[in-house]
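Some notes on the structure that comes next.
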Amino acid sequence: MYQRIFVPVDDSETSNLALAEACKLAREVGATVRLVHVVDLAQFGWGGTEFLDASELQKSIKEAGEKVLSQAQARASDAGVKTEGVIRESWGDKIASVLIEDAKEWGADLVVMGTHGWSGLMHLLMGSVAEGLLKQADIPVLLVRTPEED
């Protein structure tokens, strides 16, 4: 059974639902959960404007990412799950590619992540990290979808 569960986290309800599901599974099988948050620094790396300090913005983005990761680790710990957490940086790479590379390097045997389930125009505009990861994954992926609101 699964022993190394990989969970991408962000600050969304969808991500929290996926983390809860991963924790349930990890508790049942005694697995370790790797929590990963990706910060995209490329948008501020080239300093395209004189009014913004790119290094300060990057620092703020990293700090926000560390807070997201810390909160996810606390939730997993409260659920009685052994975790490790890491921040990965993207410099213009697709987030899904950064995630799948890390999952492979870590030796994950399952990925659990949230998906909004957008379609149509929203999917076209927002894209889907989950879809991108699913297309690249050669290990099982469990997608947890946010329930639709009435």
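A few notes on this one:
- Among the residues of region 60-107, just one is under 12 Å from the mean Cα position of the chain (by Cα) and surrounded by fewer than 13 Cβ atoms within 10 Å (Cβ to Cβ), namely VAL86.
- Residue that is nearest to ALA108 (Cα to Cα) [pool: residues in region 122-147 that are at pLDDT 90 or above and in a loop (DSSP other than H, G, I, E, B)]: ILE139
- Restricted to strands (runs of 3 or more DSSP E) entirely inside region 1-113, those with at least 1 residues that are closer than 15 Å to ALA137 by Cβ, in contact with a helix residue (DSSP H, G or I) (Cβ under 9 Å, 6 or more places away or on another chain) and at pLDDT 95 or above are 4-8, 32-40.
The values are calculated or read from the model by the stated rules, or taken from the named source; none is laboratory data. It should be emphasised that the depicted structure is a prediction, and the values quoted were computed from it without experimental measurement. Reconstructed Cβ throughout: ideal geometry from the backbone, glycine too, with neighbour counts over all protein chains shown.
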